[in-house]
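Taking it in order: structure first as structure tokens, then the write-up.
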Amino acid sequence: MTDQSIRTKAAEDGTGYWSANIRIITISLIIWALVSFGFGILLRPVLAGIEVGGTDLGFWFAQQGSILVFLGLIFFYAWRMNKLDREYGVEED
Amino acid sequence: MDQFTLNLLFVGASFALYIGIAVWARAGSTSEFYAAGRGVHPVTNGMATAADWMSAASFISMAGLIAFTGYDNSSFLMGWTGGYVLLALLLAPYLRKFGKFTVSEFIGDRFYSPTARLVAVICLIVASTTYVIGQMTGVGVAFGRFLEISNTAGLLIGACVVFAYAVFGGMKGVTYTQVAQYVVLIMAYTIPAVFISLQLTGMPIPALGLFSETTATGGEGSVYLLTKLDQIVTDLGFASYTEAHKDNLNMVLFTLSLMIGTAGLPHVIMRFFTVPKVSDARWSAGWALVFIALLYLTAPAVGAMARLNITELMWPNGTNGEAVSVETIESDERYDWMATWQKTGLLDWEDKNGDGKIQYYNDESDAMTAKAAENGWEGNELTNFNRDILVLANPEIANLPGWVIGLVAAGGLAAALSTAAGLLLAISSAVSHDLLKGQLTPNMSEKAELLSARIAMAVAIGVATILGLNPPGFAAQTVALAFGLAAASIFPALMMGIFSKRVNNVGAVSGMLAGLIFTLVYIFLHKGWLFIAGTNSFPDTVDGSLFGIQSTAIGAVGALINFGVAYAVSMSTRDTPQEIKDLVESVRVPAGAGAAVDH
């Protein structure tokens, strides 16, 4: 398959490569925002009851937890996209 | 061997290593100068990116800002790591597929407009120069301490070293040098933190020590380190360490500015042009964050533990006992660091009430006024404690062995130098490759291009040094402004270029200009025009600011304006041509990514 025909296939197919990518990005970014802006800042009062080492869970998310989740997200995305590339046959040679 | 000689030995040895590597891998052609021939493995690239990224702001400044503010400055931690998620998901793989050397080349091609490329170059230069000012502040602190001279003299010597260093080689030299720098700086950051964590909590991993019980309290039973810290700082009238004191809006916008800015800074994005494949670009961002996280997970522990140690040194008999005496400070070797740092002009104390003791407390707290009057205190006597000295002074404060102090000096310099070099490279490539060769003199020879790149470096470092003598804030705060500028100008243009086929040349240019000008003017209104003190129209506080938003947090608003303007203008002007839609399509799929081409 040529580069051009792959592109056409991905573009025409509504559930194709690009929309699958957008879906994975959207889910990942929701988690990204939830752990940092959510648990770390805005939802901190909600988590105030959960104690972690002398403070509350929100403090932990703000100083360490969100960083660990970010790491997980990037590796998940790299693994998932490299797999998606192969499913759609658009990986590099 | 005295401490000065030991520092000299560690710094000298680490420098010899970097320069050796730079000479060994010297750049020959322009292609090597900018992007190292694209032969860099994702793990190697991740490590080099981490060294490039973790600057004086992360290494020298950040933990100090967290130490003296607590929870509110968590924004630095989330912001400077969360940006890598945006970078990995929204930019890195597509820009690698596009396959040119610089960020502004992508913007110029995607928005089929030399004007767009020119505006992008200007945005890059403004953001990078602001960033270098912050670095120079850190360089001044590090050289001042290590040579035991004033901050100003340290800054001037540091500037010469940075310049000599950056001119030596391009990215290729810098890539392997930066791997060495990463190793030095991460050891310098974590080793003292492990010692201190063991002293205070018995826990060898500082990140876990932060949430552990202290062992230092002895018979009182188990008390968590953070509980104890909250207790002693509030006893002295300071704001509690773990609670929020900033309004949510400013904290969210500040964090968001740092995140978006991370994904918009040229010297970081350029790193992702140097991996062989699109799939490697995705992994590279992850590896970079792994190496960055090693420092960022340790930093909050460094901050909290240093605050505890400093407070206990100033109040050796507890916060309700007697303060430390002037005699002790002058004679006890555990207080030697105070005299050493006094020489730099960044630390000072004064026995205002003449009782022979140094009372350290918050004299602006109403609650402390009564206590101060009762005890005859006449204000806080630890009169100056520059936030930027905390990390470098930390091993001395904790009374760690001399070789650890030497290692930290070497690490601090590595952090400042590696980022300054990366930024100077980004500025010089923007000027010589994009501005001169791309627009003004397209027929320029390779040799002339390299020469103009080096002249641009010299000018940039000169400007940054002059402005760095009177910096607009502590290193990390100045750097935060640079992120705001990158967030408001570059990131939206890159993202829209990939995720929208509709945003056109006029839209992108209007968006970038609106975002950059809005953010720059807002910062200057609060920090002074060109950061010259006293020329600001509004005080740089939340309450006094124009929109109730601090200047460090305004970048996120600028980014929204950029998106909004670009979209609105694009919708009311002509659609993008077919070849641009094809270009966007091809950037979106990894297949067919060859080696990069140079025009």
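The values are calculated or read from the model by the stated rules, or taken from the named source; none is laboratory data. This one's a predicted model, so the numbers in the text were calculated from it and none came from an experiment. Neighbour counts are summed over all protein chains in view; Cβ atoms, including those assigned to glycine, are modelled from backbone coordinates with ideal geometry. The protein model used for the area step is the full one, side chains on, heavy atoms only, and it has no ligands, DNA or RNA in it. Shrake-Rupley method; radii C 1.70, N 1.55, O 1.52, S 1.80 Å.
When only alpha carbons are used to place a centre, the range B:437-516 and the range B:305-361 end up 44 Å from one another.
Placing unit charges on each Cβ (+1 for Lys and Arg, -1 for Asp and Glu) gives chain B a dipole about its Cα centre, and among B:A48, B:V569, B:T69 the Cα reaching farthest toward its positive end belongs to B:V569. Dipole magnitude for the protein assembly as shown: about 2880 debye, using +1 per Lys or Arg Cβ and -1 per Asp or Glu Cβ, origin at the Cα centre. Count Lys and Arg as plus one, Asp and Glu as minus one, and take only other residues whose Cβ is under 14 Å from that of B:S212; the net charge is then -1.
Of all aspartates and glutamates in the structure, the ones whose alpha carbon falls short of 16 Å from that of B:K437, not counting any fewer than 8 places away in one chain, are B:E105, B:D109, B:E446, B:E449, B:D598. Amide H to amide H, with H built 1.01 Å from N, B:Y224 comes under 5 Å of B:T214, counting only residues 5 or more places away or on other chains.
Under the criterion of Cα pairs below 8 Å and six or more residues apart, the relative contact order for chain B equals 28 percent. Summed over both chains, the contact between B and A buries some 4500 Å² of accessible surface at a probe radius of 1.4 Å. Annotation: aspartates and glutamates with alpha-carbon distance below 12 angstrom to B:K246 (same-chain offsets under eight excluded): B:D72, B:D543.
From its DSSP helices (H runs of at least four residues, each -39,500 (n - 2.57)), the protein assembly as shown gives a residue-normalised ellipticity at 222 nm of -21000 deg cm²/dmol. What shape does chain B have by the C-alpha gyration tensor, where a ≥ b ≥ c are the square roots of the eigenvalues, rounded means a/c under 1.5, and otherwise prolate means a/b greater than b/c and oblate the rest? Here chain B falls in the prolate category. With each label modelled as a point 7 angstrom along the Cα→C-beta vector, the A:T26-B:K447 pair spans 5.7 nm. Over chain B, what percent of the accessible surface lies on carbon and sulfur atoms, probe 1.4 Å? Of all accessible area on chain B, carbon and sulfur atoms account for 62 percent. Scanning residues 5 or more positions from B:N399 or on other chains, none has an amide H under 5 Å from its amide H, with H placed 1.01 Å from N in the peptide plane.
Computed 3J(HN,Hα) for the range B:72-81, one whole-Hz value per residue from the Karplus formula 6.51 cos²θ - 1.76 cosθ + 1.60 where θ = phi - 60°, is 4, 8, 4, 3, 4, 5, 6, x, 7, 9, glycine and proline marked x. Going by the alpha-carbon gyration tensor, a ≥ b ≥ c the square roots of its eigenvalues, is the range B:207-297 rounded (a/c under 1.5) or, if a/c is not under 1.5, prolate (a/b greater than b/c) versus oblate? Note, shape of the range B:207-297 comes out oblate. Taking all protein chains into account, the per residue accessible area for the range B:227-356 stands at 31 Å² (1.4 Å probe).
Taking a ≥ b ≥ c as the square roots of the Cα gyration tensor eigenvalues, with a/c under 1.5 meaning rounded and otherwise prolate when a/b beats b/c, else oblate, which class fits the range B:449-520? Oblate, because a/c is 1.5 or more while a/b does not exceed b/c. Candidate cross-link partners of B:K352 among the aspartates and glutamates, defined by an alpha-carbon separation under 20 Å and a same-chain spacing of 8 or more, comprise B:E322, B:E327, B:E330, B:D363, B:E364, B:D366, B:E374, B:E378, B:E381.
Taking Lys and Arg as +1 and Asp and Glu as -1, the other residues whose beta-carbon sits under 13 Å from that of A:I74 total +2. Structure note, pairs B:K100/B:K581; B:K343/B:K527; B:K277/B:K581; B:K228/B:K357; A:K83/B:K97; B:K100/B:K277: Cα-Cα distances above 20 angstrom occur for B:K343/B:K527; B:K277/B:K581; B:K228/B:K357. In this structure, the amide hydrogen of B:K343, modeled 1.01 Å from its nitrogen in the peptide plane, lies closer than 5 angstrom to no residue at least 5 positions away or on a different chain.
In chain B, the longest principal axis of the Cα atoms and the axis of helix B:42-53 are about 60 degrees apart. The angle separating the long axis of helix B:3-24 from the principal Cα axis of greatest extent in chain B is about 10 degrees.
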